[in-house]
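S.K.: Before anything else, here's the structure in question.
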């Protein structure tokens, strides 16, 4: 299971950054500054997603491998990786 506290902290921080980005846009701030903040929020979301996927691999996928029912879980992970690559 993913560390809920860590994931929530990343998501809440990203939400705060997104609110700040919207204010920057309203204030007609410098484009590069806005872009930097978007990248920072994106990095936090990627960290949260990484934590979730790590927990999935160590929990759900590992259990499915041990139970001999791994094909479905592996297909799910492959589908996620395909989305990441695109």
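A short reminder: the numbers here are calculations on the coordinates, not readings from a lab. Everything numeric in this text was worked out from a predicted model, so none of it was measured. A quick note on method: Cβ atoms are made from the backbone with ideal geometry, for glycine too, and the neighbour counts reach across all protein chains shown.
S.K.: When the helix-only estimate is applied to the chain (DSSP H runs of n ≥ 4, each -39,500 (n - 2.57), divided by the residue count), what is the mean residue ellipticity at 222 nm, nearest 500 deg cm²/dmol?
M.R.: On the way: 4 runs with 71 residues, N = 86.
Mean residue ellipticity, 222 nm, calculated: -28000 deg cm²/dmol.
S.K.: Compute the long axis of helix 31-56 from its Cα atoms, compare it with the longest principal axis of the Cα atoms of the chain, and write down the angle in degrees, 0 to 90, nearest 10.
M.R.: Helix 31-56 sits at roughly 20 degrees to that axis.
S.K.: Here's another thing I want to ask about it. For residue 22 paired with residue 71, estimate the spin-label separation in nm (one decimal), with each label point 7 Å from Cα along the Cα-to-Cβ line.
M.R.: Using points 7 Å along Cα→Cβ, the separation is 4.6 nm.
S.K.: Where is the GNM fluctuation largest for the chain (alpha-carbon springs, 10 angstrom cutoff): 68, 20, 59?
M.R.: Answer for the Gaussian network model of the chain: 68.
S.K.: Hey, of (1) 14.9; (2) 13.3; (3) 15.6, which did the structure itself give for Kirkwood radius over Cα pairs in Å when calculated?
M.R.: Of the labelled values, this structure produces (1).
S.K.: Here is a follow-up. Report, in degrees rounded to the nearest 10, the 0 to 90 angle that the Cα long axis of helix 70-85 makes with the longest principal axis of the chain.
M.R.: Rounded to the nearest ten degrees, it is 20.
S.K.: Need one word for segment 1-40: rounded, prolate or oblate. Basis is the Cα gyration tensor (sqrt eigenvalues a ≥ b ≥ c); a/c below 1.5 gives rounded, then a/b vs b/c decides. Can you show the working numbers first?
M.R.: Working: a/c = 6.21, a/b = 2.76, b/c = 2.25.
Note, shape of segment 1-40 comes out prolate.
S.K.: With springs only between Cα atoms under 10 Å, which of 22, 45, 53 fluctuates most in a Gaussian network model of the chain?
M.R.: 22
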